[in-house]
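What follows is calculated from the coordinates using simple rules that are stated; it is not laboratory data. These figures come from a predicted structure and were not determined experimentally. Counting neighbours? That spans all protein chains shown, and the Cβs are built from the backbone with ideal geometry, glycine included.
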Amino acid sequence: MNDQQALFQFLLRMGDNSLILGHRVSEWCGLSPVLEEDIALANTALDLIGQTQFWLGLAGEVEDKGRTADDLAFLRDAWDFRNVLMVELPNGDFGQTMMRQFLYDAWSSIMVGRLIKSSDKRIADIAEKASKEIAYHVERSADTVVGLGDGSEESHARMQAALDYLWPYVGEMFDGDEVDAAMVAAGIAPDPASLREEYDALVNKVLSEATLKVPTDVFYHKGGRTGYMHTEHLGHLLTSMQWLQRAYPGATW
Amino acid sequence: MGQPSVDTIWDWLDQVPDPEIPVISLVDLGIIRDVQWEGDMLNVTVTPTYSGCPATTIINLDIQTALKNHGIEKLTLHRQLSPAWTTDWLTDKGKAALEKFGIAPPSAKGEPERCPNCGGHDLEHTSQFGSTPCKALWRCRDCLEPFDYFKCI
């Protein structure tokens, strides 16, 4: 794998994470427990999909085969996606959605914070732009996790169940491989493992305020960010996300 | 007709309303970063507010339409991400127009200064997001009305 191919893979990972999570979150539109949450989730989804346009747009430029952000989003199949498994998991209840959002936002806020210093100006610019929105997302998802975790008996139990379910998917965000090694060598992006300490500090602080118990299991699922093996849920998500472009190739608004 | 000056073009752009909050112009919003002639080509640099702001494409279209209506034939729009847009770039004229319209303008302390409806100071935060990504929802305990706050980023 040469440097351009590694950079392409790295950009797909960034873009696919925000695309797939953005799509998942958008599934709440019209269904949230209260109007304010519906609006908040829809706005979060919009930000994530907007960030996707930057990441996948740049991925297309780097690949240099004439593929646009739209082509990459709508005309790839499950095995070509490079998002972590956590973001493709079904929403579950509102608590599970917000727990996933927090676990992802916490990682994302630290990651883009580092990317602002990327040696690649295009990546630094996207990170600078995205970091402001992500700071807002993590503030909100952390508040909600605390509100529900330290809430009623019912909400606490649901948040603990969500954390227990999602925790085995956290580890993948810190898994490194040859793509990451190439990014580190070029000063483009940090080694994923180097984010872990800051992540644990942030997450533990919020989860303890939420009176939730962090699982101690170290096992984690992986296979999303390398494309080696996605969950069975991604194919279903893509079926719904991509059907229009597949059914009517080239359709535009 | 000779080439219109850059100042004239800024004035024209100041007549183009923000598609979501039509009481302020695109210039008030602070998203037009640069206007420059390069020969007979006009280059306009635009910074997006939020990454996912659905108004972005409409804004670009509105800029093109407005300038074409003023007779500008050759026009290129450039997207500039850095420095990232900040609410500090809203003009004072824009902030005053927002408040008059019932949207509390962004304030350095990170929350609205006063209720845009009654001027009351007993305010509470309802939701971190309002009707668009750039706004949060607040409520005034004096007049009991909800209102949008243009949040600081």
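Before moving on, here are some points about what is shown:
- Computed over segment A:85-164: relative contact order in percent, which uses C-alpha pairs under 8 Å that are six or more apart: 36
- For chain B, with +1 on Lys and Arg beta carbons and -1 on Asp and Glu, the positive-most of B:His125, B:Asn60, B:Ile32 along the dipole: B:His125
- Bridge type composition, segment B:3-151 - antiparallel percent by DSSP, nearest 5: 70
- Per-residue ellipticity at 222 nm, computed for chain B from helices alone with -39500 (n - 2.57) per DSSP H run of at least four residues, works out to -7000 deg cm²/dmol.
- Charge dipole of segment A:116-240 (Cα centre as origin; +1 on each Lys and Arg Cβ, -1 on each Asp and Glu Cβ, all else neutral): 320 debye, rounded to the nearest 20.
- In Å, descending, principal axis extents of the Cα set of chain B: 56, 26, 22
- Here the residues A:Ser119, A:Ser194, ranked from fewest to most Cβ neighbours within 10 Å of their Cβ, fall in the order A:Ser119, A:Ser194.
- Fluctuation leader among A:Val214, A:Val146, A:Val87 - chain A, Gaussian network, Cα springs under 10 angstrom: A:Val214
- A Cβ-based charge dipole, computed about the Cα centre of segment A:53-137 with Lys and Arg at +1 and Asp and Glu at -1, lands at about 320 debye.
- Gap separating the Cα centres of segment B:126-153 and segment B:75-110, nearest whole Å: 16
- Rg and Dmax of segment A:79-166, Cα atoms only, in Å: 15.1, 48
- Considering only A:Ile126, A:Ile188, A:Met173, the residue lying farthest towards the positive end of the dipole of segment A:120-202 is A:Ile126, judged by Cα position with unit charges set on Cβ.
- Cβ distances below 4.7 Å define possible disulfide partners, and in the protein assembly as shown the cysteines left without one are A:Cys29, B:Cys53, B:Cys134, B:Cys152.
- Segment A:185-194 - phi-based ³J(HN,Hα) in whole Hz, Karplus 6.51/-1.76/1.60, Gly and Pro as x: 4, 8, x, 7, 8, x, 5, x, 4, 6
- Here the convex hull built on the C-alpha positions of the protein assembly as shown has a volume of 156 cubic angstrom per residue.
- Between amide H atoms placed 1.01 Å from N, distances below 5 Å from B:Thr126 occur with B:Leu137, B:Trp138, B:Arg139, all of them 5 or more places distant or on a separate chain.
- Its Cα centre serving as origin, the protein assembly as shown has a Cβ charge dipole (Lys and Arg +1, Asp and Glu -1) of approximately 320 debye.
- Using C-alpha pairs below 8 Å separated by at least 6 residues, the relative contact order for segment A:102-214 is 35 percent.
- In this structure the amide hydrogen of B:Ser25, modeled in the peptide plane, comes within under 5 Å of the amide hydrogens of B:Asp18, none closer than 5 places in sequence on its chain.
- Residues whose placed amide H lies under 5 Å from that of A:Gly224, excluding near-sequence neighbours: A:Leu85, A:Met229
- Fewest-first ranking of A:Trp28, B:Trp10, B:Trp138, B:Trp89, using other Cβ atoms within 10 Å as the exposure measure: B:Trp10, B:Trp89, A:Trp28, B:Trp138
- Here the Karplus relation 6.51 cos²θ - 1.76 cosθ + 1.60, evaluated at θ = phi - 60°, turns the backbone of segment B:101-109 into coupling constants of 7, x, 10, 5, x, x, 10, 4, 7 Hz, with x for every Gly and Pro.
- Rounded to whole Hz, the Karplus (6.51, -1.76, 1.60) HN-Hα couplings of segment A:78-91, x for glycine and proline: 3, 5, 8, 7, 10, 7, 5, 4, 4, 6, 8, 4, x, 5
- Per residue of chain A, the DSSP helices (runs of n ≥ 4 H) give a summed -39500 (n - 2.57) that works out to -21500 deg cm²/dmol at 222 nm.
- Spherically averaged projected area of segment A:121-253 from its Cα convex hull (nm²): 11.6
- Convex hull projection area averaged over all views, segment B:60-131, Cα basis, nm²: 7.2
- Fewest-first sequence of A:Lys132, A:Lys65 by Cβ atoms within 10 Å of each Cβ: A:Lys65, A:Lys132
- Taking the DSSP bridge list for the protein assembly as shown and keeping only pairs wholly inside it, about 70 percent are antiparallel.
- Placing unit charges on the Cβ atoms of the charged side chains and taking the dipole of segment A:203-253 about its Cα centre, the candidate lying farthest along the positive direction among A:Met229, A:Val203, A:Gly250 is A:Gly250.
- Relative contact order for chain A: 24 percent, from Cα pairs under 8 Å spaced at least 6 residues apart, divided by residue count.
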